[in-house]
Amino acid sequence: MTDPTAESTGSEKPLDIRELADDPAAYAAELDRRWGGLLSYRYLGRRYASMDLGPVDDTVAVRHDMRDPSGGLLLSVLGVCSPEGGLMNDLEAVPNPVIHHCQILDPGVDVARFEVRSEGLARGRRMAYSRSTIVDANHPERVLATTEGQGVSIGVPPDGLGRMAVEPIEVIDSPDLSPLWQVFGAERVASGHWRLPPLTSSVASPDAALHIGPQFVALEAAARDTAAAQIGVDTVQGVSSHVMFLARGKVGPFRISTAVVGGSAPIGVRADIFDDGAQAKLITSASYLFRPSG
């Protein structure tokens, strides 16, 4: 098995691909390198027919590390696998997330594989909207979650880009798999906050900003930690998440601050990400609902 932690802690500073817009060959080569090296989708096993060469496959095999301790699917996994944003892809735009919302209808404790069924809702010159229904791939009538979102194009790539060959990361399922937050480099620091390390290319989008993958994963880990401590239980189960991407995270380290906003069943938690390498700029704000497991 490839060690994804080694990939996610490299020191390489990413390049903003928009700087290569006037050089189609260099742009294509950089996009191929960056898309092929991005940790988020490769580690979770999510493929995109609009970007990846090979057969269409909108399903994802569920592993132990994609579940909370009670066996329910993690909100962050569903978010990464249905990022929304109007179905814009990197071959036609330089996409940037704006809003993502997820509601879990069925925690999917016994689901072996889920399928993401996405549809575009509207697209303007820069803004786009989409939604997805996530179902049990073996029993498609069983709906697990719904997601909705909005994205914006912050650049136009050169013409002639084509789909790319991506080498997935082989992850053998095991109860001993590292938690996703650890794979993406997140940690809980002495102050009680959670933190992501400075930006590197394996967790950066092609425009050299912190990708949604580590953000979803670290935000949920921090919010869950806060909710469980507030209720006084070992684990909680996700009900919904709402994430607003306010600015691009460009430097890091990235500090995550959480606060309980009331309730006990379910309990609400807000979580914010600050780019401490850029004057502690607030880059992402999220809210979560959890309920006690069991």
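So which of Gly155, Gly149 is of a type outside the set (A, V, I, L, M, F, W, C), outside any strand (DSSP E or B), modelled with pLDDT of 95 or more and out of contact with any Leu (no Cβ under 9 Å at 6 or more places or on another chain)? Give the steps one after another, and end with the answer.
On the way: Gly149 fails: outside any strand (DSSP E or B).
None of the other options fit; the residue is Gly155.
I want to confirm something. Restricting to region 36-78 and keeping residues that are assigned to a helix (DSSP H, G or I) and charged (D, E, K, R), which single residue is modelled with the highest pLDDT? Steps first, answer last, please.
Within region 36-78, the first condition is being assigned to a helix (DSSP H, G or I), and the residues that meet it are 36-37, 39-44, 64-66, 75-78.
Keeping just the survivors that are charged (D, E, K, R) gives 42, 65.
Details: Arg42: 95, Asp65: 98.
Per the stated criteria, the residue is Asp65.
Out of Ala228, Ala208, Ala190, Ala222, which single residue is more than 22 Å from Phe254 (Cα to Cα) and of a type in the set (A, V, I, L, M)?
Details: Ala208 fails: more than 22 Å from Phe254 (Cα to Cα); Ala190 fails: more than 22 Å from Phe254 (Cα to Cα); Ala222 fails: more than 22 Å from Phe254 (Cα to Cα).
Unique residue meeting the criteria: Ala228.
Taking region 79-113, which residues are in contact with a helix residue (DSSP H, G or I) (Cβ under 8 Å, 6 or more places away or on another chain), assigned to a loop (DSSP other than H, G, I, E, B) and among the β-branched types (Val, Ile, Thr)?
Once the filter is applied, which keeps residues that are in contact with a helix residue (DSSP H, G or I) (Cβ under 8 Å, 6 or more places away or on another chain), assigned to a loop (DSSP other than H, G, I, E, B) and among the β-branched types (Val, Ile, Thr), region 79-113 yields only Val94.
Scan region 129-143 residue by residue and report those that are over 18 Å from the mean Cα position of the chain (by Cα) and in contact (Cβ under 8 Å) with a residue 40 or more places away in the chain. Give the derivation first.
The initial filter retains those residues of region 129-143 that are over 18 Å from the mean Cα position of the chain (by Cα), namely 135-143.
The answer is Ala137, and nothing else.
Just the residues that are small (Gly, Ala, Ser) and assigned to a strand (DSSP E or B), please, taken from region 200-236.
Of everything in region 200-236, just one residue is small (Gly, Ala, Ser) and assigned to a strand (DSSP E or B), namely Ala204.
Being over 20 Å from the mean Cα position of the chain (by Cα) and closer than 21 Å to Phe216 by Cβ is true for just one of Val109, Val116. Which residue is that? Working first, answer last.
On the way: Val116 fails: over 20 Å from the mean Cα position of the chain (by Cα).
Answer to the check: Val109.
Restricting to region 273-282, name every residue that is more than 15 Å from the chain's Cα centre (by Cα) and either assigned to a strand (DSSP E or B) or under 22 Å from Leu105 (Cβ atoms) (or both). First the steps, then the outcome.
If we filter region 273-282 for residues that are more than 15 Å from the chain's Cα centre (by Cα), which is where we start, we get 274-282.
Correct list: Phe274, Asp275, Lys281, Leu282.
Would you confirm whether any residue within region 280-289 is at pLDDT 95 or above, crowded, with 18+ Cβ neighbours inside 10 Å and either among the charged types (D, E, K, R) or out of contact with any strand residue (DSSP E or B) (no Cβ under 7 Å at 6 or more places or on another chain) (or both)?
Checked region 280-289: no residue is at pLDDT 95 or above, crowded, with 18+ Cβ neighbours inside 10 Å and either among the charged types (D, E, K, R) or out of contact with any strand residue (DSSP E or B) (no Cβ under 7 Å at 6 or more places or on another chain) (or both).
Here are the criteria: (1) touching a Leu at 6+ places or on another chain (Cβ under 7 Å); (2) surrounded by 22 or more Cβ atoms within 10 Å (Cβ to Cβ); (3) over 23 Å from Val239 (Cα atoms). Tell me which single one Ala28 does not satisfy.
(2)
Test Val203 against the criterion of being among the hydrophobic types (A, V, I, L, M, F, W, C), surrounded by fewer than 24 Cβ atoms within 10 Å (Cβ to Cβ) and under 19 Å from Leu15 (Cα atoms), and give yes or no.
Values: among the hydrophobic types (A, V, I, L, M, F, W, C): yes; surrounded by fewer than 24 Cβ atoms within 10 Å (Cβ to Cβ): no; under 19 Å from Leu15 (Cα atoms): yes.
So Val203 does not fit the description; no.
Could you list, in sequence order, all residues of region 160-180 that are of a type in the set (A, V, I, L, M, F, W, C) and either assigned to a loop (DSSP other than H, G, I, E, B) or over 15 Å from the mean Cα position of the chain (by Cα) (or both)? Steps first, answer last, please.
As a first pass, look at region 160-180 and keep what is of a type in the set (A, V, I, L, M, F, W, C): 161, 164-166, 169, 171-172, 177, 180.
The answer is Leu161, Met164, Ala165, Val166, Ile169, Val171, Ile172, Leu177.
Of the residues Gly252, Gly262, which single one is modelled with pLDDT under 95 and at positive phi? So that I can check it myself, show each step before the final result.
Details: Gly252 fails: modelled with pLDDT under 95.
That would be Gly262, the only listed residue that is modelled with pLDDT under 95 and at positive phi.
Of the residues that sit in region 181-199 and are part of a loop (DSSP other than H, G, I, E, B) and in contact (Cβ under 8 Å) with a residue 12 or more places away in the chain, which one is nearest to Ile256 (Cα to Cα)?
The first filter runs over region 181-199 and keeps only residues part of a loop (DSSP other than H, G, I, E, B), leaving 184-186, 189-193, 197-199.
Subset that is in contact (Cβ under 8 Å) with a residue 12 or more places away in the chain: 184-186, 193, 197-199.
On the way: Phe184: 14, Gly185: 13, Ala186: 10, His193: 6, Pro197: 11, Pro198: 13, Leu199: 15 Å.
Within region 181-199, the match that is nearest to Ile256 (Cα to Cα) is His193.
Mind telling me which of the residues Ser191, Ser202 ends up being modelled with pLDDT under 95 and touching a helix residue (DSSP H, G or I) at 6+ places or on another chain (Cβ under 6 Å)?
On the way: Ser191 fails: touching a helix residue (DSSP H, G or I) at 6+ places or on another chain (Cβ under 6 Å).
So the residue among Ser191, Ser202 that is modelled with pLDDT under 95 and touching a helix residue (DSSP H, G or I) at 6+ places or on another chain (Cβ under 6 Å) is Ser202.
Please enumerate the residues belonging to region 131-146 that are part of a strand (DSSP E or B) and not hydrophobic (A, V, I, L, M, F, W, C).
Listed by number, the residues that qualify are Arg131, Ser132, Thr133, Asp136, His139, Pro140, Glu141, Arg142, Thr146.
The values are calculated or read from the model by the stated rules, or taken from the named source; none is laboratory data. This is a predicted model, so every value here is computed, not measured. Positions of Cβ are backbone-derived with ideal geometry, glycine not excepted, and every protein chain shown enters the neighbour counts.
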